[in-house]
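Participant: Mind looking over this structure? Questions follow.
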Amino acid sequence: MLQITLPQEVLLPPTLLLLHLAQARLPKPVVHMDFSSPNHETVKPFARVYEWMLSSLKNLKKKITDFAVMAKKLVEEDPRRVIHSFKVALAITLVSLFYYLQPLYNGFGDSAVWAVLTVVVIFDFSVGTTLGKGLNRMMATLLAGFLGFSAHYLANLSGKIGEPILLGIFCFLVATIVTFMRFFPRLKARYDYGLMIFILTFSLVSVSSYRSDEVIKFAEQRLSTIVIGGCITMLVCLFICPVWIGADLHNLIASNIDKLGSFLEGFGGEYFKLSDGKVKGDKSFLQAYKSVLSSKGTEENLANMAAWEPGHGQFRFRHPWKQYLKIGALTRQCAYRVDALNSYLNSNIQASPEIKNNIQHACVKLSSASGKALKELSLGMKKFKRSSSANPYIEQSKAAAQQLKSAFLGDVNLSDVLLAATVASLLIDIVTCTENIAEAVHELATLANFKSADAVVAPENLDVEETASGLPLSDLNASRHDHRRQNANPISSPHEASLSASSAESIGTAKKAADSTNSKPDVTFNTPPRLIIKVTFEIRVLF
């Protein structure tokens, strides 16, 4: 309680006394904590534990969310992964019955575990890889078991002293020879897993035979369980939603060709800064080709594993898988030139505008035609058809290459045309690569018995001004336009009448040529005028 002592000499009225008390500065209260008390010592550690638990829960929630997002992404990329997981679980469950059921366990004993191990080791995502591993494992186990028993029999004839010596020599020789065989490229590509299992099985049989008298029983149980596990694995993989690795190889080659075609289609507009929607929009096509540069290992692995697959669908028995490797090699050669072209898109040093204007028409023409030819080849492969629609584009690219060569003739300064000449040289090389790819794809279509293509129809929308036969595209478009007008409206001018007469004459000539070439032509002339014009153009190309 506040007490104020005033001198007795000072006598203040009550009002002044209250004002004095209100203006008096009272000391602020100070809170004193006793840190030596037990309550303060326990509050701080509990707070830290609470914060740690809270942060741990947040991190756990974040990891679970990230895992769910990653799992969803994997499923969306390839839904076959979920089916493969169930297939592996089913195969392991079926093989485990040999260990759980007493009648089956009495027949195989503890060796039934080898069947489970076989399923886990050889079950792969695709049919080809699973069949390759399964057959390699079974054949290697059979041969190694037979040789191991033979080594035990021969070593046993030498007596107790010579038996371990001979067994050691046999193991040393077999391990040395088979390990060296694994370095052979052909053996490593298809039989590497089998050679490794051969060494393992031979060593187990030959070494264990020195201490055990039941070598034949051990080898028999091991072989039987491996065969059972391998057969169940291959049957589940083959008949339950099979994943064909040959189809993956086919789609990969077709996709790589399509990526190169997309780059070449957009290269002209990107290099010369033309107003094109594709150039202004998404430019991912400029980087998609880079996956082709490093696809050699993947293609070789897929081709080796696809050779184990039986005939299925469009892929008959003994399908020409090596031809895919040839197409892949040609595609990579083209991709290397495309990669060199890509380096000139964003280069700080560019050719002079005059030189660019001089070669712009031919370069755009060449790259566009080559890109469309590659896309047509890719589309034909995906449909398993012998496509001839790429041939006109290849002819157009050849004509553009000749124009591009002639553009550099004359008295020009070498330093001015050096960069432009490099780009032109790469584009001309790409024409040759495109032609080689087309020949390899046509050869694949012949070897694989692809379906016959439909009647070849001239492309409607070309970015070039000259067709393969040398006929200007403007004349062809004018002929088409006049025929549409002739069927829509009566002839109203002598000019239209002359065009109609010339078109009718060309149709009649084409019909006579088709009748004289084949008594049963594939093309029927009772068609709309637009299709007739296309047929006329194609017959002009052929003759």
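Participant: With a Förster radius of 51 Å, plug the Cβ-Cβ distance of LEU238 and VAL49 into 1/(1 + (r/R0)^6) and report the FRET value to the nearest 0.05. Don't jump to the answer; show the numbers that get you there.
Facilitator: Working: r = 56 Å, r/R0 = 1.10.
Efficiency, from the Cβ-Cβ distance: 0.35.
Participant: Spin-label point model (7 Å from Cα, Cβ direction): what's the ILE161 to SER96 distance in nm?
Facilitator: Calculated label separation equals 5.4 nm.
Participant: State in Å² the accessible area per residue of the range 76-124; use a 1.4 Å probe, count heavy atoms of protein chains only, and round to the nearest integer. The partial results should precede the final answer.
Facilitator: Values: 2900 Å² over 49 residues.
Normalised by residue count, the accessible surface of the range 76-124 is 59 Å².
Participant: Further question on the same structure: Using a Förster radius of 41 Å, what is the FRET efficiency between VAL75 and PHE180 based on their Cβ-Cβ separation? Nearest 0.05, please. Write down the numbers at each step before the final one.
Facilitator: Values: r = 44 Å, r/R0 = 1.07.
After rounding to 0.05, the efficiency reads 0.40.
Participant: Now for a different question. So between LEU173 and LYS217, what do we pick up on full extension, going 0.36 nm a residue minus the alpha carbon distance? It would help to have the intermediate numbers written out before the result.
Facilitator: Values: separation 44, 0.36 × 44 = 15.84 nm, distance 2.51 nm.
Difference between extended and current length: 13.3 nm.
Participant: Near LYS283, which lysines are there with a Cα under 23 Å away, not counting those fewer than 8 places off in the same chain?
Facilitator: Reachable lysines: LYS259, LYS273, LYS356, LYS365, LYS372, LYS375.
Participant: How much length is gained on full extension from ALA189 to SER294, taking 0.36 nm per residue of separation minus their Cα-Cα distance? Please list the in-between numbers first.
Facilitator: Numbers: separation 105, 0.36 × 105 = 37.80 nm, distance 1.84 nm.
So the chain would gain 36.0 nm between ALA189 and SER294.
Participant: Hey, quick one: spin label on LYS326, modelled 7 Å out along Cα-Cβ, who in the range 217-254 has an amide N within reach, i.e. under 20 Å?
Facilitator: Counting only backbone N, you get 246-247, 249-254.
Participant: Could you give the accessible area per residue of the range 170-269, probe 1.4 Å, as a whole number in Å²? Before the final figure, lay out the partial values.
Facilitator: On the way: 4810 Å² over 100 residues.
Accessible area per residue, the range 170-269: 48 Å².
Participant: Over the range 61-160, what is the mean sequence separation of C-alpha contacts under 8 Å (at least six apart), divided by residue count, expressed as relative contact order in percent? Intermediate results must be reported in sequence, preceding the final value.
Facilitator: Numbers: 35 pairs, mean separation 17.0, N = 100.
Relative CO of the range 61-160 lands at 17 percent.
Participant: Further question on the same structure: Under 15 Å from a label point 7 Å along Cα→Cβ of ASP339: give me every residue in the range 289-303 with its amide N that close.
Facilitator: 289-298
Participant: Roughly how far apart, in whole Å, are the Cα centres of the range 289-354 and the range 180-221?
Facilitator: Comparing the Cα centres of the range 289-354 and the range 180-221, I get a distance of 38 Å.
Participant: Would you kindly state how much longer the chain becomes between LEU143 and TYR105 on full extension, computed as 0.36 nm times their sequence separation minus their alpha carbon distance, in nm to one decimal?
Facilitator: On the way: separation 38, 0.36 × 38 = 13.68 nm, distance 2.56 nm.
The LEU143-TYR105 span can extend by a further 11.1 nm.
Participant: Tell me, what is the 1.4 Å probe accessible area of LYS365, in Å² to the nearest 10?
Facilitator: LYS365 exposes around 10 Å² with every protein chain in place.
Participant: Leaving out ligands, DNA and RNA, what percent of the accessible area of the range 280-427 is carbon and sulfur, probe 1.4 Å?
Facilitator: Values: 3720 of 7160 Å².
In the range 280-427, the share of accessible area belonging to carbon and sulfur is 52 percent.
Participant: If the only charges are +1 at each Lys and Arg Cβ and -1 at each Asp and Glu Cβ, what is the size of the charge dipole of the range 170-259 around the Cα centre, to the nearest 20 debye? Walk me through the numbers on the way to the answer.
Facilitator: On the way: 8 positive and 6 negative charges, 46 e Å.
So the magnitude is around 220 debye.
Participant: Can you find, among GLN102, GLY145, THR179, the residue sitting farthest towards the positive end of the charge dipole of the range 85-219, where Lys and Arg contribute +1 and Asp and Glu -1 at Cβ?
Facilitator: With unit charges placed on the Cβ atoms, the residue in question is THR179.
Participant: For the range 110-255, with all protein chains present and a 1.4 Å probe, just round the carbon and sulfur fraction of the accessible area to a whole percent. Intermediate results must be reported in sequence, preceding the final value.
Facilitator: On the way: 5450 of 7380 Å².
Percent of accessible area from carbon and sulfur atoms in the range 110-255: 74.
Participant: May I ask you to order 98-106, 333-341 by the average number of other C-beta atoms within 10 Å around their residues, highest value first? Intermediate values should be presented prior to the final figure.
Facilitator: Numbers: 98-106: 12.4, 333-341: 19.2.
Listed from highest to lowest mean packing, they are 333-341, 98-106.
The values are calculated or read from the model by the stated rules, or taken from the named source; none is laboratory data. Just so we're clear, the structure is a prediction, and the values are computed from it rather than from any experiment. All Cβ positions, glycine included, derive from the backbone under ideal geometry; neighbour counts span all protein chains shown. Side chains included, ligands, DNA and RNA excluded: accessible areas come from the protein's heavy atoms. Shrake-Rupley method; radii C 1.70, N 1.55, O 1.52, S 1.80 Å.
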